[in-house]
Amino acid sequence: MKILDKLDAFFDSQKETEQKLTFFFPILIIGFIVYYFIFPITNDMFNNALHKNRQLNKAINSKQIHITRLKNSIINITKKRRILKIKIKKLEQTEIVMKKLLNKVKFLIFDLKRWAEIYNKIPKYVKDSNLLLLKLDNILFLNNKKTNNQLVNLKMQISLQVIGNFKNVVKLMNSFEARKDFVKIKSLKTDGKINYLTIDIYGAEL
Amino acid sequence: MLNEISRMSRIHKIKKYAYDVNKVASIDPYNFNNVFILENNIIKEKTFKEKISKDTLISTYIPLRYIITYEMTIPRNLVNKIDVYDHIETQAYEDLELDESEKYIFKYKLISSAADEKNMIAQVVIVEESLITKYFEPITKDYNYIDYLGHSGFLFESVYKTKILKPKKDIFIYFTKDFTLITLYADGTFLQNIILNQGMYNLYEKLKHDSEIEINNFSYEVFVDLLTKKGLNINYYDDYEEILFNELSIIFSNLFTTIVNQFNSLQRKYALATIDRVFISTENGIIPGVSNFVNNYLGEIEADDLKFDTKYNPNNIEIDQLSFLNILSTQYAYKEDYQLDNFTIKKRPPTFFYRKSGQFISITIISLILSLLYPTFQYFYSVIIGHKNKQLEIKLKNLNFMYNSLNRNYNSLLKVYKKEKKAAEKKDKYIKSVAQIITTLHKAKNGYAPLSSLIIKVSLYMKRNKIYAKDISFGKDILELNIFAENESYITNFVNELVEKEHLKVETTGVIKDKNSQNYISIIKIIKVDL
């Protein structure tokens, strides 16, 4: 109360104009202090908080979009896996069928052991055909690359020189060609005495 | 801004002064500890130290020793032409030789007397401000202000204002220790007061020293006690005390002789035909029997005790009548906004918003609030957003965790899917490859036309056409026959049959007759065609 009394006394000692100025003075001072010292601090706080808020919201929205996409991707991939599993199952069934089919044509598949067996049987074929074997050679072509145009890329070339009736030579040829294996007579030459026979045995590389 | 605040104060009915006219406290000017409070028209007594509510009007009255009474005449025709106050002040300073370095408070009443048609009488009461300021300092220190500071002579007007008395020509006699106050009112209007320098102490001195009786330990207090308990009522005295009563009666008779002289003088001065009533009391209470005594003495004038608080004092609290009248005067002054008789040296300040200091502080606070409004909003909003941001950060952290978890899950699934897809593709490729191989092999195997079959077939046609081969060769899918026959037609027929019947592609070098053997020879080329 004493402060109020002192203030009252102070104002009473002033003229009206001076009073108005005195009343205006704190407004100026407060305005100055607030807007030069306090406002920049709170404004920075406010803007920083808002900026951070926007950034966080943006990040959250972006993350939510990513999560949604990721969830969709997981759903898609799960769906794809389900389809793939069905496809794999079908492929497995097809593979079984293919393997069965392959088993049926296994003699057309490259098998060196089998070729060796054929090679071993040649003297017997010659003998059974009443021919005399003069010479027997074989060359293996195992480095040929398989291409779409040439799937049956491997072969064993057998060269024979036999003496005997041509009719028996034909019989010998037939005994080769009658085999299940993929056999082709590559060349034949006879001069009445010696018969030159070149046989290709093919095998496909899986 | 100041006007605006004042206007707003009025709009919102903010009282200019925070008092309640129904609550008045009168502080005994001779003992500041004695405080009488009128609340809801009931008098209560409170000690000085007890708390009095802020809305109670604080009042007291000026002791007679600080009062200077002064009287002057002002021509009636000048009253409305001059500044009466200035005129009185100037005249009083001159006539009373007042100290010009001191400040005096002047209160006056202009009285029109039938005895003087040309002039008006100004009854002036003067108080030296510094004296009463100092005297009432304990009150102003405790309460900060005195709402009403009355003058004893003016206080009696309240009995007419409150209709305790009907207006007549009345004289109020009030004894204090040192003075006797005689106040004249005519029809409710103050006419004059006279302060006699003879008070109760003077009577005591006379009784003690001038009378024939001697009383042991007869102090002033004993005298006051005697006066207020037995007074002038013979019935209260024992036989042996009769002499005391007689002495007292003589002293009062002498006093009243003086007073009656004053009455006569006043009657003449104001051309009053008669005085109707006299009211008598002391600062210590009424004097028993004084009214009868005065009645006997004054004859036709009705005398009575100066005691007007009966209606307001159901609890019979001992209150001096000037304190009571001061309460009534204060109440009237604030109810009717009549401040002409108020000598206060320190008025109650207006309420906060009506004070300059209050307005200044209000403007400062409002400026502070207004200027801080936006920064405060920013601050608190920042705090709120900061809190939300923390929650958002937690949410983002959770989302990141969820995202990472889902991403791991997705990558794991993708890896498995790719692996499975690769395996499926491999299987598919393998199956396709196997299918292609099977188809190719099947086609190659079944499409191959056996050479032995071709040779047998050709041999049959050779035999039928009597064709003989010199040599046979096969290469590059061409079966070359070096043949001979006895007749050329055999050869041509043979070729024809191969083409016509077996649909073979046959080329020939032509048929030539061999001069040595007389056979026809030819080289036949049969192109072996696979299916």
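The values are calculated or read from the model by the stated rules, or taken from the named source; none is laboratory data. All values reported here derive from a predicted model rather than from experimental measurement. When we count neighbours, we look across all protein chains shown, and the Cβ atoms used for this are built from the backbone with ideal geometry, even at glycine.
Condition check: of a type outside the set (Val, Ile, Thr), outside any strand (DSSP E or B) and buried (at least 23 other Cβ atoms within 10 Å of the Cβ). Does B:PHE279 satisfy that? No. Can you find even one residue in the range A:81-104 that is facing chain B (nearest Cβ under 9 Å), over 30 Å from A:GLU205 (Cβ atoms) and either part of a helix (DSSP H, G or I) or aliphatic (A, V, I, L, M) (or both)? Within the range A:81-104, one or more residues are facing chain B (nearest Cβ under 9 Å), over 30 Å from A:GLU205 (Cβ atoms) and either part of a helix (DSSP H, G or I) or aliphatic (A, V, I, L, M) (or both). If you check B:LEU325 against the conditions, is it of a type outside the set (Val, Ile, Thr), closer than 27 Å to B:LYS229 by Cα, touching a Leu at 6+ places or on another chain (Cβ under 6 Å) and buried (at least 20 other Cβ atoms within 10 Å of the Cβ)? So B:LEU325 passes the test. Taken as a whole, the condition of being within 53 Å of the chain's Cα centre (by Cα) and within 8 Å of chain B (Cβ to nearest Cβ) applies to A:SER187. Could you check, for the range A:3-21, whether at least one of its residues is among the hydroxyl-bearing types (Ser, Thr, Tyr), facing chain B (nearest Cβ under 8 Å) and surrounded by fewer than 17 Cβ atoms within 10 Å (Cβ to Cβ)? There is no residue in the range A:3-21 that is among the hydroxyl-bearing types (Ser, Thr, Tyr), facing chain B (nearest Cβ under 8 Å) and surrounded by fewer than 17 Cβ atoms within 10 Å (Cβ to Cβ). When each of A:ILE118, A:ILE96, A:ILE158 is tested for being among the hydrophobic types (A, V, I, L, M, F, W, C) and within 30 Å of B:LYS419 (Cβ to Cβ), the lone residue that passes is A:ILE96. For the range B:337-348, the set of residues classified as without any contact (Cβ under 8 Å) to a residue 12 or more places away in the chain and over 32 Å from the mean Cα position of the chain (by Cα) consists of B:TYR338, B:GLN339, listed by residue number. Residue-level analysis places B:THR351 among those that are surrounded by fewer than 22 Cβ atoms within 10 Å (Cβ to Cβ) and within 30 Å of the chain's Cα centre (by Cα).
Restricting attention to the range B:127-156, the residues that are acidic (Asp, Glu) and closer than 22 Å to B:GLU102 by Cα total 3. Selection over the range B:32-61 of residues that are in a strand (DSSP E or B), in contact with a Pro (Cβ under 7 Å, 6 or more places away or on another chain) and under 26 Å from B:ILE105 (Cα atoms) gives a count of 2. Residues of the range B:500-528 that are of a type in the set (A, V, I, L, M) and either in contact with a His (Cβ under 9 Å, 6 or more places away or on another chain) or surrounded by 13 or more Cβ atoms within 10 Å (Cβ to Cβ) (or both): B:LEU504, B:VAL506, B:VAL511, B:ILE512, B:ILE521, B:ILE523, B:ILE524, B:ILE526.
Under the condition of being at the interface with chain A (Cβ under 7 Å from one of its Cβ atoms) and either farther than 20 Å from A:ARG54 by Cβ or surrounded by fewer than 17 Cβ atoms within 10 Å (Cβ to Cβ) (or both), the residues counted in the range B:359-380 number 8. For the range A:161-184, the set of residues classified as more than 7 Å from chain B (Cβ to nearest Cβ), surrounded by 18 or more Cβ atoms within 10 Å (Cβ to Cβ) and assigned to a strand (DSSP E or B) consists of A:VAL162, A:VAL183, listed by residue number. The single residue among B:ILE121, B:ILE126 that is touching a Leu at 6+ places or on another chain (Cβ under 8 Å), in contact (Cβ under 8 Å) with a residue 12 or more places away in the chain, of a type in the set (Val, Ile, Thr) and closer than 14 Å to B:THR189 by Cα turns out to be B:ILE121.
In this structure, is B:LYS134 closer than 20 Å to B:PHE32 by Cα and of a type in the set (Lys, Arg)? So that I can check it myself, show each step before the final result.
Numbers: closer than 20 Å to B:PHE32 by Cα: yes; of a type in the set (Lys, Arg): yes.
The answer is yes for B:LYS134.
Each residue in the range B:383-426 was checked for being under 30 Å from A:ILE41 (Cα atoms) and more than 7 Å from every other protein chain (Cβ to nearest Cβ), and 7 pass.
Screening B:ARG65 with (1) farther than 18 Å from B:ILE195 by Cβ; (2) in contact with an Asp or Glu (Cβ under 7 Å, 6 or more places away or on another chain); (3) not polar (S, T, N, Q) gives one miss only, at (1). When only residues in the range A:190-206 that are of a type in the set (A, V, I, L, M, F, W, C) and surrounded by fewer than 17 Cβ atoms within 10 Å (Cβ to Cβ) count, which is nearest to the chain's Cα centre (by Cα)? Step by step, filter the range A:190-206, then rank; the result is A:LEU206. Applying the set (1) at pLDDT 90 or above; (2) out of contact with any Asp or Glu (no Cβ under 7 Å at 6 or more places or on another chain); (3) under 22 Å from B:TYR448 (Cβ atoms) to A:GLN157 leaves exactly one unmet item: (2).
May I ask you to verify whether A:LYS146 is assigned by TED's automatic domain parsing to the domain that holds A:LYS113, part of a strand (DSSP E or B) and either of a type in the set (D, E, K, R) or surrounded by fewer than 20 Cβ atoms within 10 Å (Cβ to Cβ) (or both)? Answer is no for this residue. Figure legend. Inter-residue proximity from the range A:184-206: first residues more than 23 Å from A:ASN153 (Cβ to Cβ) and of a type in the set (A, V, I, L, M), second residues at pLDDT below 90 and part of a loop (DSSP other than H, G, I, E, B), beta-carbon distance below 6 Å, spacing 6+ or different chains. No pairs are indicated.
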